[in-house]
Amino acid sequence: MYIEYLDKLFKTINKTEFLADDKVHLYEQGIEILIEMMSEVKRKEKTLFFIGNGGSSAIASHMTSDFMKNGGMKTYSLYDNAVTTCMGNDYGYEYVFSRPLEFLLSEGDLLVAISSSGNSENIVNAVKVAKEKGNKIITFSGFEDNNTIKSFGDFNVYVPLKHYGIVESIHNMILQQVVDEILDRDGVKL
């Protein structure tokens, strides 16, 4: 009975889309592109930003630390309570990521936006700021095929299922695989 959940997870991984330039890439190609995009940020000593809400914020925080510690990359967390509550109070929750990014993003930095629905207003606003500033963007979304951020990134990972647990698990797994591949390739370099 419980194996059905894993079966749904595995089938959905096989249906996950890796999108760039109106082209769908296979899983292995998608992972290679993600590794290359993140490795370019590392080579240029630029900063990697992860954002998300709820479960996706937990993934974003986890990846912020893993890409720093295991990937040897400069990362920055937008999850300081004082900053988040200040931005929410002064500008509205829809700007908790975009307002800090207006100040923090520099040329060559990369934004990874994680949203199961792909429609969270604060994520959409942050992606728009990164795009306006000329930064590269990777999106991770799910649920509906026409979600807002699915086509906003330079590279987009889309999980075609309306199920929070499975969508979040796949997002986390893909990002974990990318940082693990970078760790295996580079080792830990401080």
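Summed over the range 8-37, residues that are over 16 Å from MET173 (Cα atoms) and in a helix (DSSP H, G or I) total 2. Scanning the range 143-170 for residues that are part of a helix (DSSP H, G or I) and small (Gly, Ala, Ser) returns SER151, GLY165, SER169. Of all residues in the range 147-177, those satisfying the criterion of being out of contact with any helix residue (DSSP H, G or I) (no Cβ under 8 Å at 6 or more places or on another chain) and closer than 17 Å to LYS128 by Cα are ASN147, LYS150, SER151. Within the range 97-120, residues that are β-branched (Val, Ile, Thr) sit with their Cβ atoms under 7 Å from residues that are part of a loop (DSSP other than H, G, I, E, B) and buried (at least 24 other Cβ atoms within 10 Å of the Cβ), at 6+ positions apart or across chains, in these pairs: ILE114/GLY52. Scanning the range 148-190 for residues that are among the polar types (S, T, N, Q) and out of contact with any Phe, Trp or Tyr (no Cβ under 8 Å at 6 or more places or on another chain) yields THR148, SER151, SER169, ASN172, GLN176, GLN177. The residue that is farthest from the chain's Cα centre (by Cα), counting only those in the range 148-169 that are surrounded by fewer than 23 Cβ atoms within 10 Å (Cβ to Cβ), within 17 Å of LEU34 (Cα to Cα) and among the hydrophobic types (A, V, I, L, M, F, W, C), is PHE152.
For the range 59-81, name all the residues that are within 27 Å of GLY165 (Cβ to Cβ), modelled with pLDDT under 95 and surrounded by fewer than 19 Cβ atoms within 10 Å (Cβ to Cβ).
First, the residues of the range 59-81 that are within 27 Å of GLY165 (Cβ to Cβ): 59-71, 75, 77-79, 81.
Right, trim to modelled with pLDDT under 95 and you get 77-79, 81.
Of everything in the range 59-81, those that are within 27 Å of GLY165 (Cβ to Cβ), modelled with pLDDT under 95 and surrounded by fewer than 19 Cβ atoms within 10 Å (Cβ to Cβ) turn out to be SER77, TYR79, ASN81.
Taking the conditions (1) in contact with a helix residue (DSSP H, G or I) (Cβ under 9 Å, 6 or more places away or on another chain); (2) free of Cβ contacts under 8 Å to residues at least 60 places away in the same chain; (3) part of a helix (DSSP H, G or I) in turn, LEU183 satisfies each one other than (2).
Condition first: under 21 Å from GLY142 (Cα atoms), surrounded by 12 or more Cβ atoms within 10 Å (Cβ to Cβ) and either among the acidic types (Asp, Glu) or touching a Pro at 6+ places or on another chain (Cβ under 7 Å) (or both). Now tell me which residues in the range 17-58 satisfy that. Those that are under 21 Å from GLY142 (Cα atoms), surrounded by 12 or more Cβ atoms within 10 Å (Cβ to Cβ) and either among the acidic types (Asp, Glu) or touching a Pro at 6+ places or on another chain (Cβ under 7 Å) (or both): GLU17, GLU32. For the range 40-52, state whether one or more residues are outside any loop (DSSP other than H, G, I, E, B), farther than 17 Å from SER106 by Cβ and acidic (Asp, Glu). Looking for residues that are outside any loop (DSSP other than H, G, I, E, B), farther than 17 Å from SER106 by Cβ and acidic (Asp, Glu), one finds none in the range 40-52, hence no. Right, THR84: surrounded by 14 or more Cβ atoms within 10 Å (Cβ to Cβ) and either among the acidic types (Asp, Glu) or part of a helix (DSSP H, G or I) (or both) or not? Criteria met by THR84.
The values are calculated or read from the model by the stated rules, or taken from the named source; none is laboratory data. Everything quoted here is computed from the prediction, not taken from an experiment. We place every Cβ from the backbone using ideal geometry, glycine too, and count neighbours over all the protein chains shown.
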